[in-house]
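These notes are about the structure you will find just below.
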Amino acid sequence: MAAIDFSTSKKPLKTYSLAGMADVVFLLLIFFLLTSSFIPQFGIQVNLPQANAAAPMEAQYVNVSITDDGRFFVEGKQVPKEELLNAIRDAMGARTALVLRADEDATVGDFASVATIAKALNLRLLMATERERVRR
């Protein structure tokens, strides 16, 4: 019987190509960027009340903020209470909803003022909240 020679003249590979690993890392980066939820940050700081669910914030809403000291902001611009109706009407355009970001310490009267204006302009009123933190 003849013996079969399995030896080769090639030397073992001493370096590894990292191209495959770079592809995997790039794909993971794309996956996490596409599946992440980005929460818009607004320039006016208010302490939002806690709730179990929250509505998404989109550009199709008129944004109104009420601070703890009773100042009103429409789309990031401070507006006196007397001019709130006109400011919301000007910012409304074709939008059909208003998102109210009221501080926890804002008064119910301030909330009622914005709610009345939203009703008068036939806007749906949404209240922005933060999710409650689950304690374990």
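Any residue at all in the stretch 61-73 that is exposed (fewer than 11 other Cβ atoms within 10 Å of the Cβ), at pLDDT below 80, out of contact with any Asp or Glu (no Cβ under 6 Å at 6 or more places or on another chain) and acidic (Asp, Glu)? No, that holds for no residue. Restricting the first member to the stretch 88-99 and to residues that are of a type in the set (S, T, N, Q), and the second to residues that are crowded, with 17+ Cβ neighbours inside 10 Å, the beta-carbon pairs closer than 9 Å and six or more apart or on different chains are Thr96/Tyr61; Thr96/Leu123.
Looking at Ala102, Ala112, Ala87, just one residue is out of contact with any helix residue (DSSP H, G or I) (no Cβ under 6 Å at 6 or more places or on another chain) and crowded, with 16+ Cβ neighbours inside 10 Å, and that residue is Ala87. Within the stretch 87-106, the set of residues being polar (S, T, N, Q) and modelled with pLDDT of 90 or more is empty. Looking for something touching a Lys or Arg at 6+ places or on another chain (Cβ under 7 Å), of a type in the set (Val, Ile, Thr) and at pLDDT below 70 - is there at least one such residue anywhere in the stretch 33-52? Checked against the condition, which is being touching a Lys or Arg at 6+ places or on another chain (Cβ under 7 Å), of a type in the set (Val, Ile, Thr) and at pLDDT below 70, the stretch 33-52 yields at least one hit.
Do we find that Ala128 is closer than 18 Å to Asn47 by Cα and either surrounded by 15 or more Cβ atoms within 10 Å (Cβ to Cβ) or of a type in the set (S, T, N, Q) (or both) in this structure? For Ala128, the condition - closer than 18 Å to Asn47 by Cα and either surrounded by 15 or more Cβ atoms within 10 Å (Cβ to Cβ) or of a type in the set (S, T, N, Q) (or both) - is met.
Of these, Glu82, Glu132, which one is modelled with pLDDT under 85 and not hydroxyl-bearing (Ser, Thr, Tyr)?
Values: Glu82 fails: modelled with pLDDT under 85.
Testing whether each residue is modelled with pLDDT under 85 and not hydroxyl-bearing (Ser, Thr, Tyr) leaves just Glu132.
The values are calculated or read from the model by the stated rules, or taken from the named source; none is laboratory data. Keep in mind it's a predicted model, so treat the numbers as computed, not measured. Cβ coordinates were reconstructed from backbone atoms using ideal geometry, including for glycine residues, and neighbour counts include every protein chain displayed.
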